[in-house]
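Please treat every number below as a calculation from the coordinates, not as lab data. All of these numbers come straight from a predicted model, not from anything done at the bench. Cβ atoms come from the backbone with ideal geometry, glycine included; neighbour counts cover every protein chain shown.
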Amino acid sequence: MAVRPIVIWPDPRLREATRPIAEVTDEIRSLYRDLVDTMYAYDGVGIAAIQIGVPVRMFLVDAAIAGQGDAGSGGERGADPLAFINPEVLAMSGEKEKADEGCLSFPGIYVPIERPRRARVRAMGIDGKTFEAAGEGLFARAMLHEHDHLTGKLLVDFVGPLKKRQIKRKLERHVEDADGHVHGEDCQHDHDHDHEHGQAHGVALPASRSGA
Ligand SMILES: [Zn+2]
């Protein structure tokens, strides 16, 4: 029940090995609530526990993206994000799709990534029960993006060395900004890395929200 700081790349904690979760305890339920609060605070559509520095095998996907919230058809309005605990990718389509992807650990960065159009994932829910989710389009992309976090795979692993250096420079500037610099009209540096509210962080979305 708290917004926790997001671990920003190149922080090495994003590459830590993740541990499976044996059972859904009060501690895990409390972690889930922190992840929900943090994901919403940063306008994300998904988040992995490792992104707030907890290296366990758990991620969340926004209910609307998962077809269970108000953006879906007939879903419950404002449904809680879907928790995936110890997720396992069971199947992916051969058919692929390329789209710009963002990540809460890479604020303001978008990378075109080709991924399977459909994916089926089995996981334990926050109720402790095993379920399977079959996703298409953005839902599949969000699940696969979050699943990558559990194996330490990140956006920068999809780009070449030059682009990777560019992203690093941009994020180092972002961290400096977080230390208290306020952009003014006289700023000489480019500041397209934040303040762009038309396109928030994340997995590319038609509207203003994204990030994962
Ligand atoms: Zn991410």
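Sequence-distant or interchain residues sharing an amide H contact under 5 Å with Glu101, placed H: which?
Val111, Ile113, Ala204
Mind ordering 161-168, 98-105 by average Cβ neighbours within 10 Å, highest first?
Highest-to-lowest ranking by the protection proxy: 98-105, 161-168.
Just need the relative contact order of segment 12-179 here, percent rounded to a whole number, with Cα pairs under 8 Å and 6+ apart.
21 percent
With 10 angstrom as the radius, rank Phe131, Phe106 by how many other C-beta atoms surround their C-beta, starting from the fewest.
Going from least to most buried by this count: Phe131, Phe106.
What are the lysines whose alpha-carbon lies under 30 Å from the alpha-carbon of Lys170, with same-chain residues fewer than 8 places away excluded?
Lys96, Lys98, Lys153
If one computes P(r) from the Cα atoms of segment 12-179, what percent of pairs lie at distances over 24 Å?
Across segment 12-179, Cα pairs with separations above 24 Å total 34 percent.
Can you say what percent of the DSSP beta bridges in segment 12-179, counting only those with both residues inside, are antiparallel? Round to 5.
Among the beta bridges of segment 12-179, antiparallel pairing accounts for roughly 95 percent.
Hey, can you grab everything whose amide H is under 5 Å from the amide H of Arg57? Only 5+ residues off in sequence or another chain; H modelled, so Pro and N-termini drop out.
For Arg57, the qualifying residues are Arg19, Ile21, Asn86.
Roughly speaking, what is the centre-to-centre gap between segment 142-157 and segment 10-57 when only Cα atoms are used, to the nearest Å?
Their Cα centres are 13 Å away from one another.
Placing +1 at every Lys and Arg Cβ and -1 at every Asp and Glu Cβ, with all other atoms neutral, what dipole size does segment 12-179 have around its Cα centre, in debye to the nearest 20? Walk me through the numbers before you get to the answer.
Values: 24 positive and 27 negative charges, 162 e Å.
With Lys and Arg at +1 and Asp and Glu at -1, about 780 debye.
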